[in-house]
Amino acid sequence: MDLADVLTTIPLPATIVLALASLAFLCFFVITTTKSNKDGASPPPPPPQASGSWPIIGHLHLLGGPRPPHRVLGQMADQHGPIFTIRMGVHPALVVSSWEIAKECLTTHDRIFADRPATLAMDILGYHRSMFGFSPYGSFWRETRKMATLELLSSHRLDLLQHVREKEVQTATKELYAYWQAANKEQGQSHSENLKLEGRNGGVSVEMSSWFGEISLNVILRMIAGKSVGYLTGGADSVKLSKLLKEFFELTGRFVVADGLPYLRWLDVGGFEKAMRKTAGEMDVVVEGWLREHKAKRDSGEAAETEKDFMDVILDAVGDRQDIDGRDSATFNKATSL
């Protein structure tokens with residue numbers, strides 16, 4: 001039986017459908033083939049992987065060596081070009097060493113690169129990836145970014161809080177002058193690691209980088225939670241809070257072995273997971289206290305518009321909602337404020 005005999009046994013409607021389907025497939029094949037030849041017969045090859053990778057750990061031994069990581073990556077860029085990949089344990093990572101390509105990544109293809117890898121710090125310190133800077137790209141991140149942009153970083157809000165920045169600079173300058181007077185009067189030793197009395201000429205040497213850092217920290221704390229730490233002669237609570245914030249920021253940027261080799265998390269190499277959990281618990285107690293104060297102030301009607309900080313704004317926006325993309329309002333407020 002030849003093909004003609006087979007076709008004669010098929011009903012006419014089915015024959016028409018079969019012919020149309022064959023014609024559609026042929027047109028699709030011709031169009032895609034023409035487009036492929038026009039745009040390039042094959043997709044571009046993937047970026048090269050840098051040499052020096054070891055089994056299991058990848059390039060971690062190079063990045064954790066005595067040379068600074070940016071020097072190591074710069075040498076790799078000289079060998080492999082402006083874009084290449086490395087292995088951070090079991091995770092591949094793309095390295096870009098060209099401002100033109102970086103611009104493409106952060107503008108044209110920004111959504112592709114908007115996601116963030118899950119790290120131990122994001123999970124423990126970031127309220128299970130609820131912090132704005134740690135959360136993955138999605139509806140929750142977009143909502144949080146919109147709120148931060150419109151309510152905290154908008155020109156209107158910055159104008160309303162201009163007095164906060166001016167007040168903190170004035171307070172820091174006055175405390176510096178008062179400390180100089182007290183140090184010269186008592187001829188005693190400084191109680192601050194940022195100051196040292198110069199007995200020969202009655203001056204006081206100041207660690208300016210730390211002093212400016214404290215001003216910046218206080219401005220941020222005032223704008224977000226209405227709080228501040230002491231500059232030079234702060235009490236025990238201010239010193240404790242300043243130390244806690246320093247530990248929090250240091251652990252936030254810490255790369256631990258479990259980030260590259262998740263199956264070794266149970267070992268807690270370096271004890272960083274234990275330290276993160278301790279710091280996260282202490283930080284949550286502090287921020288929870290701030291949130292209770294803001295709720296009490298809101299309920300009493302004491303919060304003036306010009307004095308509202310970011311926590312007040314979030315309370316007005318979300319209230320006591322129990323489901324904000326899987327998070328309650330308290331967790332959302334604390335995570336976003338941090």
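Coordinate-derived values only; no laboratory data. Just so you know, these numbers come straight off a predicted model, no measurement behind them. No Cβ is skipped: glycine too gets one built from the backbone with ideal geometry, and neighbour counts run over all protein chains shown.
Taking the Cβ-Cβ separation of A296 and T108 as r and a Förster radius of 30 Å, what is the calculated FRET efficiency to the nearest 0.05? Could the numbers behind the result be given before it?
Numbers: r = 48 Å, r/R0 = 1.59.
Between A296 and T108 the formula returns 0.05.
Rounded if a/c is under 1.5, else prolate if a/b is larger than b/c, else oblate: which is the stretch 73-188, with a ≥ b ≥ c the root eigenvalues of its Cα gyration tensor? Don't jump to the answer; show the numbers that get you there.
Details: a/c = 2.34, a/b = 1.71, b/c = 1.36.
Here the stretch 73-188 falls in the prolate category.
Can you tally the net charge around V257? Count Lys and Arg as +1, Asp and Glu as -1, for every other residue whose Cβ sits under 13 Å from the Cβ of V257. Overall, the nearby charge balance is -1. Over the stretch 46-113, all Cα pairs binned in 5 Å intervals from 0 give whole-percent P(r) values of 4, 17, 25, 25, 16, 9, 3, 0, listed from short to long. Structure note, pairs K167/K278; K167/K243; K174/K274; K243/K295: Cα-Cα distances above 31 angstrom occur for K167/K278; K174/K274.
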